[in-house]
Amino acid sequence: MSEQAVADAPEQPPPVRARRHLLDNERFLAFGAMTPAVVYILALVGFPFVLAVVLAFSDVTVGDPSLDLVGFDTLRQVVADPVFWQSLRNTLVFTLVSNGLVVVLATALALILTKNFRGKWLVRFLVLLPWTTPVSLATITWLWTLDSIFSPIDWVLRQVGLIESNVIWLGHPKLALASVIVVHTWRIVPLAAVIIMAGMISIPGEIRDASDIDGARFWRRTLEIEIPLMAPIIGVAVLFGVILTVTDMTVVYVLTRGGPTNATQVLSSWAYFKGIEGGDLAQGAGTALFLLPVLIAVAALILRFARRRDVL
Amino acid sequence: MFVIETRGLTKRFGDTVAVDGIDLTSTEGEFLVLLGPSGCGKTTLLRLLAGLEEPSEGEIHIGGTLMNGLPPRTRKIAMVFQSYALYPHMTVHRNIAFPLRAEGIDKETQDQKVRWAAELLGIDRYLNRRPRQLSGGERQRVALARALVREPNVFLLDEPLSNLDAKLRAAARDDLLAFQRGIGTTTVYVTHDQVEAMGMGDRIAVMSEGRIRQLGTPEEVYADPADTFVATFIGSPPMNLLRDDGHIIGFRPENFRPASLIPADQHPTLFDFHVNRAEYLGSDRYLYGRVEGFDEHTKVIARVPVDATVLEGATHSFGVAATDLRLFDAATGLRIEGGRQ
């Protein structure tokens with residue numbers, strides 16, 4: 001730099017003394033920011049999880065709370081019970097059917113709700129309503145709706161002349177399982193629809209315009225462009241749906257308490273009835289532990305799927 | 001060959017008028033550039049032509065057929081978007097074949113046409129790749145191939161070069177122009193880059209605030225701007241404008257020369273040019289300063305040969321040949337006399 005240029009340069013402000021403030025220290029910040037989350041997870045997820053594993057290998061009951069480790073004895077007792085296998089089967093049916101319905105219905109809903117029409121906000125609000133209602137209260141409403149004597153559904157069907165006497169939705173094994181599935185689908189669809197809607201909105205407008213120009217009509221555009229582009233997001237919606245279904249016991253507990261004759265018993269409700277109501281903490285924990293591999297597998301699968309389809 | 005014509009074309013979004021009563025007629029096989037700053041309505045005009053927006057008023061004719069109310073697919077147009085809008089989950093082959101599939105053309109013909117378009121654009125090696133595995137220039141070619149493959153009546157291009165780096169852009173400009181000349185399809189090209197517009201357009205429609213300020217060849221819009229907007233938007237550095245009771249005098253920097261260099265038979269108008277700063281650019285020298293007797297805040301730029309001896313901080317006698325002077329109305333900004341036509 002020539003002397004002239006130096007003289008012309010604007011006067012430099014005096015150098016600010018570097019202050020070593022605690023909040024500027026990245027290591028401290030990282031530690032400080034993560035600690036609450038770590039404490040929270042350890043206390044509310046880690047500790048109960050470890051406790052469940054320990055209990056599953058013990059013979060603790062409410063009547064005999066001393067912790068005696070018995071190896072695989074408890075788990076052997078769990079799988080020896082035919083109700084356990086029925087619960088496992090019901091859990092699978094419950095999860096697969098309700099999430100299949102959720103994906104189809106939520107995608108259709110998202111397609112509708114991203115279009116422009118009069119009163120869209122009202123429809124969006126109504127669609128979200130099931131998700132904002134506390135699950136137990138919403139299920140109680142369904143309990144009344146499906147009541148064996150006063151069910152309004154039966155009343156309508158009777159008036160139309162489709163049935164002669166009440167169906168008794170929750171009294172028949174197959175119908176009870178179907179009812180549980182429908183109520184659960186009703187509950188999860190809004191969440192999935194909102195997630196899928198977000199995915200749909202994130203598709204660039206130019207891609208949609210291009211498909212218009214290229215002559216694609218509704219079905220081609222939906223099936224060949226929009227749904228493939230949303231596959232990762234739909235995957236995430238399914239992940240949430242599956243986890244919420246596999247671990248849910250509220251709907252079953254309120255609607256049927258697992259009945260009639262365990263026809264709607266799922267693993268989580270069976271674990272609850274065994275462990276809490278039946279007082280056999282060890283077997284309850286052992287039953288619940290069977291959910292773990294399912295959840296890990298589903299999470300790993302769908303996360304991998306989402307990463308692979310990360311196309312944009 | 002097809003002609004595009006708009007009559008009184010207007011598009012409003014709420015209270016905003018994006019396109020304001022545009023009458024525009026292309027010629028057959030023309031490369032017509034819509035040039036203007038961002039927000040001037042050029043992209044909206046293109047989307048109206050494509051059928052992606054419906055006009056609030058006015059008519060669009062392509063090849064003599066009224067297009068109002070027709071969906072894009074029936075207009076026989078192809079469009080290349082700024083982002084190229086390739087379908088990211090499809091291979092290049094499937095991308096190019098997409099419009100053909102939508103038309104229900106049989107697989108064999110599809111394949112032939114895809115190969116023909118891909119070879120024409122030199123992307124036949126990439127047919128099995130996905131868009132994200134391609135460079136910007138290659139993606140642009142895929143977008144062109146997808147547009148070309150349906151043999152459209154009209155090409156609509158929306159800033160297709162703006163996502164390329166500067167070096168690639170120059171090459172892509174040549175390719176695009178050669179491609180258009182080769183197929184001879186009427187093309188409307190939107191850009192905000194005047195260098196692109198000047199270099200590529202058969203004619204340029206300079207737009208501002210939803211209107212066409214001037215439609216003409218690059219030479220016309222440069223040498224004979226219709227108003228002060230065009231005069232300052234086209235050309236870098238822009239035309240010098242001096243306010244002089246009721247008029248605005250305009251002249252290009254390269255026509256503002258030392259008086260000694262202008263022959264007397266060109267009847268130069270002379271100014272006292274106070275040079276504040278000189279900028280050396282290799283081939284030329286830009287002189288920044290002001291002209292005595294005019295508003296002292298009005299900056300004036302001259303572009304002179306490097307060998308011209310001009311001192312910074314001094315006042316020199318500069319002039320503009322009579323044929324290079326342009327006059328504009330001070331109130332409206334419109335051109336008020338011809339000079340050279």
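The values are calculated or read from the model by the stated rules, or taken from the named source; none is laboratory data. Quick caveat, the model's predicted, so the values are computed rather than measured. Cβ sites come from the backbone with ideal geometry, for glycine too, and all protein chains shown count toward neighbours.
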Evaluate the following for B:T232: is it free of Cβ contacts under 8 Å to residues at least 60 places away in the same chain, within 25 Å of the chain's Cα centre (by Cα) and under 23 Å from B:H192 (Cα atoms)? yes
Got at least one residue in the range B:296-309 being surrounded by 13 or more Cβ atoms within 10 Å (Cβ to Cβ) and out of contact with any strand residue (DSSP E or B) (no Cβ under 7 Å at 6 or more places or on another chain)? no
Evaluate the range A:191-200: report whether one residue or more is modelled with pLDDT of 85 or more, surrounded by fewer than 17 Cβ atoms within 10 Å (Cβ to Cβ) and either more than 14 Å from chain B (Cβ to nearest Cβ) or not in a helix (DSSP H, G or I) (or both). yes
With respect to A:F28, determine if the residue is in contact with a Leu (Cβ under 7 Å, 6 or more places away or on another chain), surrounded by 11 or more Cβ atoms within 10 Å (Cβ to Cβ) and either in a helix (DSSP H, G or I) or touching a residue at least 24 places away in the same chain (Cβ under 8 Å) (or both). yes
Being of a type in the set (G, A, S) and touching a residue at least 60 places away in the same chain (Cβ under 8 Å) narrows B:G184, B:G122 down to just B:G184
Any chance the range B:70-87 includes a residue that's buried (at least 18 other Cβ atoms within 10 Å of the Cβ) and more than 14 Å from chain A (Cβ to nearest Cβ)? no
The condition of being within 14 Å of chain A (Cβ to nearest Cβ) and closer than 30 Å to B:G39 by Cα holds, among B:V149, B:V114, B:V142, only for B:V142
Which residues, counting only those in the range A:207-222, are more than 7 Å from chain B (Cβ to nearest Cβ) and buried (at least 21 other Cβ atoms within 10 Å of the Cβ)? A:S211
In the range B:129-153, anything without any contact (Cβ under 8 Å) to a residue 60 or more places away in the chain, part of a helix (DSSP H, G or I) and over 18 Å from B:Q110 (Cβ atoms) is listed as B:P131, B:R132, B:Q133, B:G136, B:G137, B:E138, B:R139, B:R141
Restricting attention to the range B:117-135, and to residues there that are within 28 Å of the chain's Cα centre (by Cα) and within 14 Å of chain A (Cβ to nearest Cβ), which single residue is farthest from B:H89 (Cα to Cα)? B:A117
Please determine, by comparing only the residues of the range A:31-61 that are under 28 Å from A:G275 (Cβ atoms) and of a type in the set (F, W, Y), which one is surrounded by the most Cβ atoms within 10 Å (Cβ to Cβ). A:F57
Please go through (1) outside any helix (DSSP H, G or I); (2) over 19 Å from the mean Cα position of the chain (by Cα) for B:T27 and return the number of the only condition it doesn't satisfy. (2)
The range B:134-187, residues that are at pLDDT 90 or above and of a type in the set (F, W, Y): B:F155
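Let's see how each residue does on (1) in a loop (DSSP other than H, G, I, E, B); (2) within 20 Å of the chain's Cα centre (by Cα); (3) away from chain B (no Cβ under 14 Å); (4) without any contact (Cβ under 8 Å) to a residue 24 or more places away in the chain:
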| residue | (1), (2), (3), (4) |
| --- | --- |
| A:E224 | no, no, no, yes |
| A:P232 | no, yes, no, no |
| A:L239 | no, yes, yes, no |
| A:T245 | no, yes, yes, no |
| A:Y253 | no, yes, yes, yes |
| A:G259 | yes, no, yes, no |
| A:T264 | yes, yes, yes, no |
| A:V294 | no, yes, yes, no |
| A:A300 | no, yes, yes, yes |
Where the second residue is part of a strand (DSSP E or B) and the first is among the polar types (S, T, N, Q) and lies in the range B:157-170, which pairs have Cβ atoms under 8 Å and are six or more apart or on separate chains? B:S162/B:T191
Options B:A97, B:A18, B:A102; residue that is part of a strand (DSSP E or B), assigned by TED's automatic domain parsing to the domain that holds B:V149 and touching a residue at least 12 places away in the same chain (Cβ under 8 Å): B:A18
Pick from A:V70, A:V16: which is outside the structural domain of A:P293 (by TED's automatic domain parsing), touching an Asp or Glu at 6+ places or on another chain (Cβ under 6 Å) and either at pLDDT 80 or above or more than 25 Å from A:V246 (Cα to Cα) (or both)? A:V70
